[in-house]
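Heads up, the thing below is written out as structure tokens.
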Amino acid sequence: MAQQLIDQFAARLPADRRAAVYQSTKTTHEKRTAMLFDQFAEPHRLRALAGGIKQHVLENLDTLLPAVEAKLQANGAQVHWAATAEAACAAVLRIMQARGATKLVKAKTMVSEEIALEHFLAAHGIEALETDLGEFIVQLDHDRPSHIVRPIIHKNRREIAQSFERHGLGAYDDDPQTITRRARQFLRQKYLQADVGLTGANFVSVESGRLVLVTNEGNSRFSLAAPKCHIALVGIEKLVPRDRDLGLLLNLLARSATAQQLTVYTEFITGPKAATQPDGPEELHVIFVDNGRTDVLASECRAILRCIRCGACMNVCPVYRQASGHAYRSVYPGPVGAVLSPLLAGKKFPELADLPKASSLCGACHEVCPVDIPIPDLLLRLRDQGKRAGAPLAAAGTPPMGAWALLASQPAAWKAALLGGKIINYLPTKLLPVPPLRAWEKSRTLPEWRGGEFRRWLRHRTTP
Amino acid sequence: MLNAERKPVTGKRVQLMATCLCDAFYDDVARATVEVLEHAGCTIDFPEGQTCCGQPALNGGDWAAARKVVRHTVRTFAGEDPVILPSGSCAAMLFHGAPLAFEHEPDLAAVEALGRRTWELLDFLVNGLGLTSWPGRYDARIALHRACHARGTGSLPAALTLLRSIRGVEVVEFGELEQCCGFGGTFSVAFPHISQAMGDLKLEHIRAARPDLLASVDMSCLMHLSGRAAHEGQPIKIRHVAQILRDALASA
Ligand code: SF4
């Protein structure tokens, strides 16, 4: 019986990695839940409201995008549209080349991972340095983030200290404060040398054209302090209609992501430096990135684009906790990734068609999602899509259901199978009422077969 | 979380869907369901042609196969009476999963209509019939597993209300209540390692609370957990909530 790739990955995951992921996700999830239910009377209604706002955005992107473009331009920003990852990378390069820029510092943005920007820029002789501590460590190690909020959730501080030593950032010392101080010293210089600061945006208000950035390390502010040019890479779904929507969304985002009332830094950027301001970037470029999003929008899974990247779904997910993020082989791991990654893969959907299978459909992700995305329903839709596409990766481990469905729609055959259950081991597994019993028995003991007993009892008893 | 919009219950005639697990393994749970419903004054109709709710195929991704089984179920449970299942997960299949798989089908309305009169047993007793307590005595410390398909439905609060009203019952708390047991139907076969690890974590939390027995509104979770415990040589006692209600009646 074929075992799914993510399960194989989980089985090979070193115990200390799993323990690190498990502890961190569990703690964050529990704090998040306590905080939300402590501070709000009905968090579920807030989630539904936030989901409604984001869904409204998705359904009105055709008018909201031109509106935000006009607003941004009125604020002095330059707006670019990138249909693909390649186009987005090329836009960044064009902006940099026009300024003769060669050095870029980068605050955390998932879109830049998605379009593999660092790799592209390096090929053009441009250094793009990560300034978020976690992403910085990932970059040093040529590793990949394993969580969208905590990129190094899979690493312990001993590994980090070793890699700092390897990269000449000081002799081995795994004290977290030392690690942070060393990274800070190294990055300070880089901030000053950089020509361009690149960020994402957590939200963009259509009403005011404000870009909203949240961080805990203040690195996005530093990234925009010295450089004269700011590039923001923004997925087209990041809009909110009004500034006042931010009140709800920021409150939910920080609590859901890190169990904070508010992140340490929340920046509102309304254009490049004004003539009256002493400093700041003189140019602001906003690159709106599609990269497969309009296809998702046209699909029955469009609700996944409400996502505000808080990571709560992966924190609560029992599968993520066992497998960790790299098991998902894509930029977005966990429940959100199991939906989004195969969809963004476009024609390469079959290569990630197993991701939607990596769920017991327990619904914990939906229950915590601050924008109320019905992730289990979307996973089910993608399973159906995988089956119809005949994707072998999706099929692994799932017994064929055709014969079973035939049996389960013919009462006489069904009853015969129930009675025949005593010869359970001689029947092909797919003919049993519960398809996968045989494989199941490897690690569990089956209860005694009692097929037909209830119906016999019901027939023969004297009704009260 | 689940779509559980329900038609108000007017009469006391119900149709029973035993579920394939009770048909094949847990006949006593189906019996207890009958006895509990009868105690609540219901008259029970058991359509002989019933098979399975179709969930294995829906979750397995074979929606064409799932629809075939659902159509059979819709035909088998014709009429207007509530359909009662001793399983949160099979009930959710009929009121949530099936309509999802029929979104673009001409017979969606019939599937939705069945969904609106489908109830998990405990949800029905408390939120359908309006019971607030249950008579009798049952001496046990009970760990109540939160079956995932009861998320967002009335089943869990209902089970707690009735269990707590029984003399002698103590419901014990245990850690990580929101976490799944790791069954997930075909998930447990395609993801044997993760499924097992999830089950073991759940068992660890339950054992730490030292209950006399583990209860649920779903036999599938209990089959998985008790199967795992027995395989490890440390069997645990399991009971469907219906069995506890039925047994409590003996001393009412
Ligand atoms: S899907 Fe929901 S819970 Fe998951 S990261 Fe996105 S917003 Fe957060």
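The values are calculated or read from the model by the stated rules, or taken from the named source; none is laboratory data. Keep in mind that what you see is a predicted model, and the values were worked out from it rather than measured. All Cβ positions, glycine included, derive from the backbone under ideal geometry; neighbour counts span all protein chains shown. SASA here: full protein model, heavy atoms, side chains in, ligands and nucleic acids out. Shrake-Rupley method; radii C 1.70, N 1.55, O 1.52, S 1.80 Å.
From the residues A:Phe164, A:Phe37, B:Thr19, which one has its Cα farthest along the dipole of the protein assembly as shown in the positive direction, the dipole being from +1 and -1 charges on Cβ of Lys/Arg and Asp/Glu about the Cα centre?
With unit charges placed on the Cβ atoms, the residue in question is B:Thr19.
In nm, to one decimal, how far is the modelled label at B:Glu204 from the one at A:Gln410, with both set 7 Å along Cα→Cβ?
So the label points at B:Glu204 and A:Gln410 sit 4.7 nm apart.
Any idea of A:Asp16's accessible area? Nearest 10 Å², probe 1.4 Å.
Answer for A:Asp16: close to 90 Å² accessible.
Under 5 Å between amide H atoms, partner at least 5 residues away or on a different chain: which partners does B:Ile238 have, H built in plane at 1.01 Å?
B:Leu214
With only alpha-carbon pairs counted, each pair once and no self-pairs, how large is the Kirkwood hydrodynamic radius of the stretch B:3-127 in angstroms? Let's see the in-between values first.
Details: mean 1/r = 0.0694 Å⁻¹.
So the Kirkwood estimate lands at 14.4 Å.
Would you mind checking which residues have amide H under 5 Å from A:Val286's amide H? H placed 1.01 Å from N; only 5 or more apart, or other chain.
It is A:Gln78, A:Val79, A:His80, A:Ala232, by chain and number.
Assuming 0.36 nm per residue, please report the length gained on full extension of the stretch A:Arg182 to A:Ala74 beyond their Cα-Cα distance. Intermediate results must be reported in sequence, preceding the final value.
Values: separation 108, 0.36 × 108 = 38.88 nm, distance 4.13 nm.
Taking A:Arg182 through A:Ala74 to full extension adds about 34.8 nm, to one decimal.
In the stretch B:119-153, what residues drop by 30 Å² or more of accessible area when the other protein chains are put back, versus the chain on its own? Use 1.4 Å, and skip ligands and nucleic acids.
B:Arg151
Leaving out ligands, DNA and RNA, and with a 1.4 Å probe, what % of the accessible surface on the stretch B:3-127 is carbon or sulfur?
Accessible surface attributable to carbon and sulfur in the stretch B:3-127 totals 52 percent.
So what's the angle, to the nearest 10 degrees on a 0 to 90 scale, between helix A:15-39 and the longest Cα principal axis of chain A?
The two axes meet at around 80 degrees.
For A:Lys357, give me every one of the lysines with a C-alpha distance below 25 angstrom, ignoring sequence neighbours fewer than eight places off in its own chain.
Partners found: A:Lys26, A:Lys347, A:Lys348, A:Lys387, A:Lys430, A:Lys442, B:Lys68, B:Lys202.
For the interface of A with B, what's the total buried accessible surface in square angstrom, probe 1.4 angstrom, rounded to the nearest hundred?
Rounded to the nearest hundred, the buried surface is 6300 Å².
Which Cys residues of chain A have no other Cys Cβ less than 4.7 Å away and so no disulfide-compatible partner by this rule?
A:Cys89, A:Cys229, A:Cys301, A:Cys307, A:Cys310, A:Cys317, A:Cys369
Please give the per residue accessible area of the stretch B:3-127, computed with a probe of 1.4 Å over protein heavy atoms only, in Å².
Result: 30 Å² per residue.
Under a point-charge model restricted to the Cβ atoms of Lys and Arg (+1) and Asp and Glu (-1), what is the dipole moment magnitude of the stretch A:243-345 relative to its Cα centre, in debye to the nearest 20?
For this selection, approximately 520 debye.
Which residue, A:Gly125, A:Gly52, A:Phe186, has the largest displacement toward the positive end of the dipole of the stretch A:38-192 when charges sit on each Cβ (Lys, Arg +1; Asp, Glu -1)?
About the Cα centre, the residue reaching furthest to the positive side is A:Phe186.
Buried by at least 20 Å² relative to the chain on its own: which residues of the stretch A:356-391 qualify, computing accessible area with a 1.4 Å probe on protein heavy atoms?
The answer is A:Lys357, A:Ser360, A:Leu361, A:Cys362, A:His366, A:Glu367, A:Asp377, A:Leu380, A:Arg381, A:Arg383, A:Asp384, A:Lys387.
With r as the distance between the Cβ atoms of A:His167 and B:Arg167 and R0 = 56 Å, compute the FRET efficiency 1/(1 + (r/R0)^6) and round to 0.05. Walk me through the intermediate numbers first.
Details: r = 68 Å, r/R0 = 1.21.
Taking R0 as 56 Å, the efficiency between B:Arg167 and A:His167 is 0.25.
So if R0 is 35 Å, what FRET efficiency would A:Glu59 and A:Gln193 give, r being the distance between their Cβ atoms, rounded to the nearest 0.05?
Working from the Cβ atoms, E equals 0.20.
To test your reading of the geometry: what angle, between 0 and 90 degrees and rounded to tens, separates the Cα axis of helix A:43-59 from the longest principal axis of chain A?
70 degrees
Is the C-alpha gyration tensor of the stretch B:96-252 telling us rounded, prolate or oblate? Criteria: a/c under 1.5 is rounded; beyond that, a/b larger than b/c is prolate, otherwise oblate.
oblate
Take the alpha-carbon centre of the stretch A:10-47, take the same for the stretch A:310-356, and report the distance between them in whole Å.
Their Cα centres are 17 Å away from one another.
Could you give P(r) for chain A, binned at 20 Å from zero, as whole percent values over all Cα-Cα pairs?
Percent of Cα pairs in each bin: 22, 51, 20, 6, 0.
Find which of B:Thr153, B:His205, B:Ser133 sits farthest along the positive direction of the dipole of the stretch B:131-251, computed with +1 on the beta-carbon of Lys and Arg, -1 on that of Asp and Glu, about the Cα centre.
Going by the charge dipole, the pick is B:Ser133.
Fully extended, how many nm does the chain gain between B:Asp45 and B:Lys7 (0.36 nm per residue separation, minus their Cα-Cα distance)?
Gain in length upon complete extension: 11.8 nm.
Can you return the lysines within cross-link range of A:Lys238? Criterion is Cα-Cα under 22 Å, with same-chain partners fewer than 8 residues away left out.
Here the lysines satisfying the reach criterion relative to A:Lys238 are A:Lys54, A:Lys71, A:Lys106, A:Lys108.
Zone of A:Trp81 (label point 7 Å along Cα→Cβ, backbone N under 18 Å): which residues in the stretch A:92-115?
Label zone hits: A:92.
Please report, in debye to the nearest 20, how large the charge dipole of the protein assembly as shown is about its Cα centre when each Lys and Arg carries +1 at its beta carbon and each Asp and Glu carries -1 there.
840 debye
Let me spell out the model: positive unit charges on the Cβ of Lys and Arg, negative unit charges on the Cβ of Asp and Glu, origin at the Cα centre of the stretch A:315-377. What dipole size does that give, in debye rounded to 20?
Approximately 260 debye in magnitude.
At 7 Å along the Cα-to-beta-carbon direction for both A:Leu262 and A:Arg45, put a label point, then send me their distance in nm to one decimal.
2.4 nm
If you stretched the chain out fully between A:Thr102 and A:Asp175, how much longer would it get, using 0.36 nm times the residue separation minus the C-alpha to C-alpha distance?
Result for the pair: 22.9 nm of gain on full extension.
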